[in-house]
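These notes concern the structure reproduced below.
The values are calculated or read from the model by the stated rules, or taken from the named source; none is laboratory data. Keep in mind the model is a prediction, meaning the values are calculated, not measured. Neighbour counts are summed over all protein chains in view; Cβ atoms, including those assigned to glycine, are modelled from backbone coordinates with ideal geometry.
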Amino acid sequence: MGLLIWDMRRLLNPAIFSKRTVVVQFEYFDAPKESKDWWLVSSNEDVDLCLTDNDYDVDLLVKCSLKTMTVVWICEITFNHAVKSKQFEVTGDKSLSKNIQEWLRTSPLSKLETTETWTKLDWS
């Protein structure tokens, strides 16, 4: 679980936020209590990951299961599908939620080919 959120932090695009501080809280309702809540804090285009509530004013709250975030992260389903099917709940700043796919970029590994579409290599 920590690897997922750390990867999300690594790929977050803070340039979308300009120079303002933005706090996004992720609540994974099916996670163990000690790892249920995570905060991504972007300030001056730098992103921190927090496991504790530091009394931040949360701009956006994202609630979902860990499984849902994982399948969205690896592009098995889209953010829009997860929201429309009520697997993903986003509350708070409308401009942040509207542009979630621009600042919370998905895993680059999701763009790899499947074994059925791999290009055959000629080693001769």
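Odds and ends about this structure:
- Filtered residues of segment 1-36 (kept if within 20 Å of VAL71 (Cβ to Cβ), aliphatic (A, V, I, L, M) and in contact (Cβ under 8 Å) with a residue 60 or more places away in the chain): MET1, LEU4, MET8, LEU11, LEU12, VAL24
- Tally of residues being loosely packed, with under 14 Cβ neighbours inside 10 Å and either under 19 Å from ASN99 (Cα atoms) or touching a residue at least 60 places away in the same chain (Cβ under 8 Å) (or both) across segment 43-60: 3
- LEU66 vs. criteria touching a Phe, Trp or Tyr at 6+ places or on another chain (Cβ under 9 Å), of a type in the set (A, V, I, L, M, F, W, C) and farther than 26 Å from ALA15 by Cβ: yes
- Filtered by the rule that a residue be touching a strand residue (DSSP E or B) at 6+ places or on another chain (Cβ under 6 Å), among the hydrophobic types (A, V, I, L, M, F, W, C) and closer than 14 Å to ILE16 by Cβ, segment 90-102 gives a lone residue, LEU96.
- The listed residues are LYS67, LYS84, LYS63, and the only one of them that is farther than 17 Å from ILE5 by Cα and of a type in the set (D, E, K, R) turns out to be LYS84.
- The one condition from (1) among the hydrophobic types (A, V, I, L, M, F, W, C); (2) closer than 14 Å to TYR28 by Cα; (3) touching a residue at least 60 places away in the same chain (Cβ under 8 Å) that LEU104 does not meet is (2).
- Considering segment 5-42, the residues that are in contact with a helix residue (DSSP H, G or I) (Cβ under 6 Å, 6 or more places away or on another chain) and not in a strand (DSSP E or B) include one that is surrounded by the fewest Cβ atoms within 10 Å (Cβ to Cβ), namely ASP30.
Matching residues to (1) modelled with pLDDT of 85 or more; (2) over 25 Å from ASP46 (Cα atoms); (3) out of contact with any His (no Cβ under 9 Å at 6 or more places or on another chain):
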position: PHE79; (1), (2), (3): no, no, yes
position: GLU89; (1), (2), (3): yes, yes, yes
position: ASP93; (1), (2), (3): yes, no, yes
position: ARG105; (1), (2), (3): no, no, yes
position: PRO108; (1), (2), (3): no, no, yes
position: LYS111; (1), (2), (3): no, yes, yes
position: GLU116; (1), (2), (3): no, yes, yes
position: THR119; (1), (2), (3): no, yes, yes
position: TRP123; (1), (2), (3): no, yes, yes
